[in-house]
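Here's the structure, in C-alpha cells; my notes come after.
The values are calculated or read from the model by the stated rules, or taken from the named source; none is laboratory data. No experiment lies behind these values; they were computed from the predicted model shown. We place every Cβ from the backbone using ideal geometry, glycine too, and count neighbours over all the protein chains shown. What goes into the accessible areas is simple: the full protein's heavy atoms, side chains included, and nothing from ligands, DNA or RNA. Shrake-Rupley method; radii C 1.70, N 1.55, O 1.52, S 1.80 Å.
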Amino acid sequence: MAGTFIALGTSGWIPSERRETMCFAYARGRRLFLFDCGTGARRLGHPELEPTFASAREVFIFLSHYHLDHTMGVIYLPKLLAGKKVTIAGPGKEACGVSVEDALTRLTTFPLFSHPISGFPMDLTLVDLKVGVNAFKGFELRCVAQEHTAPSLGMRLDDDVAYATDTTCSEQTVDLARGAPLLVHECWLDEEDYRAALAEPDARVLREHSHAAGAADIAKRAEVEMLALAHINPNYREGRIRRMERFARNIFPEAFVIRDFEQIEIK
Ligand SMILES: [Zn+2]
Ligand SMILES: [Zn+2]
C-alpha cells in the first residue's frame, strides 16, 4: 500500500542539533504508524508536519525495544496524541521477559514520571508483540528476535517497510526484508570503528550493533529497493557520516544515511 515515510529522529543514544533519537512516522491512509518513540516523537507537533499527522484516525506505535533512545518520547504523548485512538506495541513477556504494560508503567511512574501510562488521555491499547506474525485489523507486523544488549525486535509492516535497529547484522534480516521497498537498518559503526572492534579480543559492540557495510550487504541480498541507514552514532561528524554512506553505496547503490525530516514515498 502507498504511504509516506518520514524520519522524525535518526540518532542513536544522544540527540543532537541535527538528529533527534529514533522515531519514524509512516502515514498511510487514515493510519499513522510510528517505528520507535525516541526524542524524535516531539516532531509529531512540528508545525509543518502536524497537518499530516492530524488527519490520522488511528496511531500505532511499534517499539523495537525499551532502551530510552527508542522510548523517551512516550512521555511526550499525553500532549502530542491527546484524544487519539492509539495502540502501543512492543516486545512482550515472551519476547523480552516483560510486558509492554510493565515496561511503560516503569517509564511513566514515580520517580521517573508522574503520569502512568494507564491514565494517558487517549483511547489507548497496549499490545505485546511476539516473534512471528502479529495480526492487527487491516495489517500485519512480522517480527524477528535480534541480538542486542536487551531483547529487541526487527519488524516488517506488510509489504511496505522493514525496520531493523539495535541489532547485529543478521541473516534473519535478509529474510525479513526480502523484496521490501524500504529497509531501515541501523549502522552504529562505520568501517574504521568496525575494523577497530574486530581487532579487539572480544569487543562487546560486535554483539550489540551493526556496521554500514554489513547493513548494505543485507540490503543487497534481500533485494530491497532502498536502504536507509539510521541510528547514527553521535560521535560521528558530518564528513565521517558521508564517507560511511559512500562506503555503503559501493556495496548497495540505493543506500543512504537518512536525515531527520527526510520523506520517502512508498508506492
Ligand atoms: Zn538505540
Ligand atoms: Zn538499544
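Lys85 passes every criterion in (1) crowded, with 17+ Cβ neighbours inside 10 Å; (2) away from ligand 2 (no atom under 16 Å from the Cβ) apart from (1).
Scanning the stretch 146-163 for residues that are in a strand (DSSP E or B) and away from ligand 1 (no atom under 12 Å from the Cβ) yields Leu153, Gly154, Met155, Arg156, Leu157, Val161, Ala162, Tyr163. Taking the numbered list (1) away from ligand 2 (no atom under 16 Å from the Cβ); (2) under 25 Å from Ile264 (Cα atoms); (3) open to solvent by 20 Å² or more (accessible area, probe 1.4 Å); (4) not hydroxyl-bearing (Ser, Thr, Tyr) in turn, Ile218 passes all entries but (3).
Scanning the stretch 61-80 for residues that are open to solvent by less than 10 Å² (accessible area, probe 1.4 Å) and either away from ligand 2 (no atom under 16 Å from the Cβ) or of a type in the set (Asp, Glu) (or both) yields Ile61, Leu77. Annotation: of all residues in the stretch 41-60 being closer than 28 Å to Gly132 by Cβ and not aliphatic (A, V, I, L, M), the one that is surrounded by the fewest Cβ atoms within 10 Å (Cβ to Cβ) is Arg57. Checked against the criterion of being outside any helix (DSSP H, G or I), over 16 Å from the mean Cα position of the chain (by Cα) and touching a residue at least 60 places away in the same chain (Cβ under 8 Å), the candidates Pro201, Pro234 yield just one match: Pro234. Selection of the stretch 164-173 for residues being part of a loop (DSSP other than H, G, I, E, B) and within 13 Å of ligand 2 (Cβ to nearest atom) yields Thr165, Asp166, Thr167, Thr168. Figure legend. Inter-residue proximity from the stretch 96-119: first residues more than 15 Å from Met72 (Cα to Cα), second residues in a loop (DSSP other than H, G, I, E, B) and β-branched (Val, Ile, Thr), beta-carbon distance below 6 Å, spacing 6+ or different chains. No pairs are indicated.
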